[in-house]
Each structure stands twice: as C-alpha cells, then as structure tokens.
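Each value in this text was obtained by applying a stated rule to the coordinates, not by laboratory testing. All values derive from a computational prediction rather than experimental measurement. Cβ placement follows ideal geometry from the backbone for every residue including glycine, while neighbour counts extend to all protein chains displayed.
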Amino acid sequence: MSRKETFFKHITEGYKTKGKSLIFGSAILDGETIKDAFVKVPLKTLNRHGLIAGATGTGKTKSLQVMAENLSENGIPVLLMDIKGDLSGLAKASPGHPKIDERHAAIGLPFDAKKFPVEILTISEQEGTRLRATISEFGPVLLSRIMDLTEAQSGIVSIIFKYCDDNKLPLLDLKDFKKILQFATDEGKEELQREYGRISSMSTGAILRKLVELEQQGGDLFFGERSFDVQDLVRQDEDGKGIISILRLTDIQDRPKMFSTFMLQLLAEVYSTFPEQGDSGQPELVIFIDEAHLIFKEASKALLSQIESIVKLIRSKGVGLFFVTQNPKDVPEDVLAQLGLKVQHALRAFTAKDRKAIKLASENYPDSEYYDVDETLTQLGIGEAFVSALNEKGIPTPLAATMMRAPMSRMDVLSPTELKSQIENSRLYYKYNETIDRESAYEILNDKIEQINDKEEVEKKKKAVSKSKSSSSRSSSTRMNPILKVVTSATFIRGVLGILKRVI
C-alpha cells in the first residue's frame, strides 16, 4: 500500500463517525489535497469547546463562518462575537466564484450557496437588538470581580446589595448603584452602620471611581432594562435552522473591560438558567468569541479564575465555547487544556520570538508520522489548517492538515441598507430596544434623602423656637416685658382717676 493510500485510510478511519458530524474539508499530504479524505467532527463533541487560531489573513474568520453555517443547518443556534465586523454576510448566499468551485472539486464536496437566519445584536451605540443586564442580575461577587475590588471593598458591595434587598430598592443601572454608594457615605451612613457595620468612606470612594471607569467604557449603555433573556439565543427559524446571533463589537476593541464584563455575565447567566443536558447528540448552543485575547488581556486573577471555572462547568449545559485568536498562547493554559477541538491556521516566523512561539504551539498537537508540525505550521496556505478533534468516544483524532471548505454564505459584509433591513425585520429588535426607566433605587433614594432633609429642617426650626422661648424666660426674671409694663401702668392710672372722680 502506498504512502498516499495508507494516509487516506489513516484519516478516514480516524475521523469516522456514526452520528451527525461537521465536515471541515479534506486532508492534505505533502502539499496535495487528498480527495474524499474528509476531516469531520461529531456534533456531540462540540460542547467540549475549541480553538481557532492563526496569523492575520490566514482564514480564521472563514473557518468560523463555515462552522456557524454547518451548525445552523443542523438546527444548532450560534452566537458570534463579531469584533472585526465581517460576519454579517452570513445573512446572504454566496455569489460563487471559480476558485470556490476549484477548491470544492479538490475536496470532493459539492458547493451549495445558501443564506442563513441571522439576528444582529449590540451592546454599544451600534444599530442592532440591544443586549442589557441589570446590576442586580450581576450580583455582588461578579460585580466585584469585574471591577477588581479588594476584599474590604467587595464586602461593602455585598452589604449594599443586602441593604437594597432588605429595603426593596431595585438595582437596575449604574446610576442606581452610584446613588446607593453616595447614600451609604452621607445621609444613610448611620442607618447602614447601625444595621450592617461601619462602612469606610475611603472604600466607597474607591468603588465609585471603579464604577466611573466602567461607565466610561460603555457600562451606562449595557446596564439597565429590559434585560436580555438568554433563551432568545436558543431559537430556530421556520425551516428548523438554528438562528445565528451576531453581536457587533467593532467599536468596543479599545474597551476590553466592557467586553469581558459582558462575556462573563452572559456565560454566568447561561450556566445558571440552562438545564443539565447530559450526553446528548448535539449541543444546545455554540458561542464563538473572536479576538479572544481581549477577554484575557485585561482580566484580573479573580476574573480569570471565574472564566476558567465557567469553561469547565458550562459544557454540562450543552454549550460549546470556541475562542478565536492569533496565537494559542493568547489563551491561558488552564483554559487551553479544556479545548477538545483545535483548528490551527498558519503562523508566520518573522523573528526569533515568532519561531519560539511556533515551536510552543506545535507542542499542543499530537505527534504525527505524516507531518513535521512546527515546519508545516509556517507553510500552510490561506484556507488551510491543522485540525485536531475528539471522536465520538472522546479520543483525540489523528492530526490532519486540512484544505478547508468555503463558506456557503457571502464572504463579505452586508451593505448599510441590507443591514438596516435585517435589523428592522427582527421581532427581538422591538422587544429589547424599548427604553424602560422604571422607579428604582435612584428615584427611591432621592425621595428618601429629600424626606431626611425635610425632617432635619423641621428639627432645626423646632430647636430654634425652643431656644428662643428659653431665652425669653431668662429675660423676664431681670426686667419686665414692655407690653406688661404698659398694661400695669394703665390699670394704676384708671384706679387713681376713679378715686378722684368719686371724690368730686
């Protein structure tokens, strides 16, 4: 048996599946695409998470697009973090191209142009269905970790949440939380100290500064009502295709704290509300986090620990997480160890540091008698990638350099007119873009502060009157009141005149 035949058998047996699977493309050997040597991943293993990595311009985004399309076709909803703004084309069918036909002929797959059901979401000023969450939904622990507070400051946040719960003060947005912080420092200081212990004004000042930082990164747009229901991410269209929710984040790259805040809250909400799924045939939801280094770059140790915990636990809820970034080293090792599927596009070696990074990246993949991994990593072309996955038994598949199939949808963005039409035709747009500002902690505390101030004013007036009376009483013991003096004199004169009159 020739090397090529042996390799074909090696791949087809290694990637054999009984249930539904996602086909990436065909394996490559010695620079040649081996037709029908399909590289497949069972759908049931996609809740084991994954990584799509590679240098700029090597095809990461198109691999993400292909995965999203195939998941949608199998009825699996998808959430995409679109930081570069180039995924909206999923809503329109590919116009086709001779190079696409050539690629698919080499792979052994027919090319079928299709569009997919898309929902455009936003957490910033961009157009789309707005995603929001309330401060209460975050809770004291998550909010403290996001703001990277000290233990003492976190304790104060917990006290404030407890006070608001006990006094039925809804914490909905940042102005609510800022108001209760100010109240705890000024008018309500004695009340909170009496019931919950001393609260340091220095600590509340530090927390307030952290809130302002979060507000400047767009937190004032994200925190509030109406809260987004994560069940709206798990929908299918009338044809049974999973809806692809695209979160537009092109204006948030310079605000990593806002991005990581949103992601962590979303994952926590999904974990707390989705039921345990067990060993099912396919995931309930798959989330792709593009430019994943933005989450980890600014994250504190506490925040990283929280992310690692959620990555480990959330797969039991039938949720798959895929991190998309340039280099595997952008993802912390404890998270990287949890990723069952790796799609590694080319890495470029321009410096000694790059070569070390490539050597390190190659060690993340199983040994192969068919590839010199670190050398092949630099030689992969656009739209080619190393794939390493898990089979249906959870065993790693053979490493395969793969000619990736082309997206069935448009490999370009929607025009402004198309985007506007896509957004306005969404039923979720009208559900979540309504502005709601009901009575919450801000308004209730303003009323309470006003009542306190009115009460203090009344007390001041009472004290002033009491002081005046006391002063008058002291004066009467030393000199006669002028009015009393006049009355006394008139009585004396009238008496004297009366006597005189009687005498005459």
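Summary of values
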{"read-out": "Relative contact order of the chain, pairs being alpha-carbon contacts under 8 Å that are 6 or more residues apart, as %", "value": "28 percent"}
{"read-out": "Fewest-first ranking of Thr261, Thr150, Thr58, using other Cβ atoms within 10 Å as the exposure measure", "value": "Thr150, Thr58, Thr261"}
{"read-out": "Residues with amide H under 5 Å from that of Val234, placed H, sequence gap 5 or more", "value": "none"}
{"read-out": "Residue among Gly155, Gln306, Ile180 farthest towards the positive dipole end of the chain, charges placed on Cβ", "value": "Ile180"}
{"read-out": "Cα-based shape type of region 210-291, given that a ≥ b ≥ c are square roots of the gyration tensor eigenvalues and the cut on a/c is 1.5", "value": "prolate"}
{"read-out": "Helical contribution to [θ] at 222 nm, DSSP H n ≥ 4, -39,500 (n - 2.57), averaged over the chain, rounded to 500", "value": "-14500 deg cm²/dmol"}
{"read-out": "Scaled radius of gyration (Cα, divided by 2.2 N^0.38 Å) that region 340-460 gives", "value": "2.14"}
{"read-out": "Entries of Lys18/Lys312; Lys35/Lys114; Lys35/Lys329 with Cα pairs more than 28 Å apart", "value": "Lys35/Lys329"}
{"read-out": "Ranked list, fewest to most other Cβ atoms within 10 Å of each Cβ, for Thr6, Thr45", "value": "Thr6, Thr45"}
{"read-out": "Distance between region 336-357 and region 380-446 - C-alpha centres, whole angstrom", "value": "24 Å"}
{"read-out": "Tail beyond 27 Å, pair distance distribution of region 231-390 (Cα, percent)", "value": "34 percent"}
{"read-out": "Overall Cα dimensions of region 59-107 - principal axes, largest extent first, Å", "value": "30, 26, 19"}
{"read-out": "Set Lys317/Lys342; Lys16/Lys393; Lys179/Lys301 screened for pairs whose C-alpha atoms are more than 19 Å apart", "value": "Lys317/Lys342; Lys179/Lys301"}
{"read-out": "Alpha carbon convex hull of the chain, volume per residue in cubic angstrom", "value": "217 Å³"}
{"read-out": "Size of electric dipole in the chain: Cβ of Lys, Arg +1 and of Asp, Glu -1, about Cα centre, debye, nearest 20", "value": "2860 debye"}
{"read-out": "Calculated log₁₀ intensity ratio I(q)/I(0) where the Debye formula runs over C-alpha points of region 1-160, q = 0.09, 0.13 Å⁻¹", "value": "-0.49, -0.83"}
{"read-out": "Cα principal axis extents for region 126-176, largest first, Å", "value": "39, 27, 15"}
{"read-out": "Region 264-292 versus region 204-257: alpha-carbon centroid distance in Å", "value": "16 Å"}
{"read-out": "Alpha carbon centroid spacing (whole Å) that separates region 42-62 from region 67-145", "value": "13 Å"}
{"read-out": "Normalised per residue, the volume of the convex hull around the Cα set of region 174-248 (Å³)", "value": "127 Å³"}
{"read-out": "Calculated Rg and Dmax of region 356-420 using C-alpha coordinates, Å", "value": "16.8, 52"}
{"read-out": "Local electrostatic count, Tyr365, Cβ distance below 10 Å [Lys/Arg +1, Asp/Glu -1]", "value": "-2"}
{"read-out": "For region 80-176, alpha-carbon Rg relative to the globular expectation (2.2 N^0.38 Å, N residues)", "value": "1.88"}
{"read-out": "Ranking of Thr378, Thr273 by count of other Cβ atoms within 10 Å, fewest first", "value": "Thr273, Thr378"}
{"read-out": "Normalised convex hull volume, region 109-225, alpha-carbon set, Å³ per residue", "value": "144 Å³"}
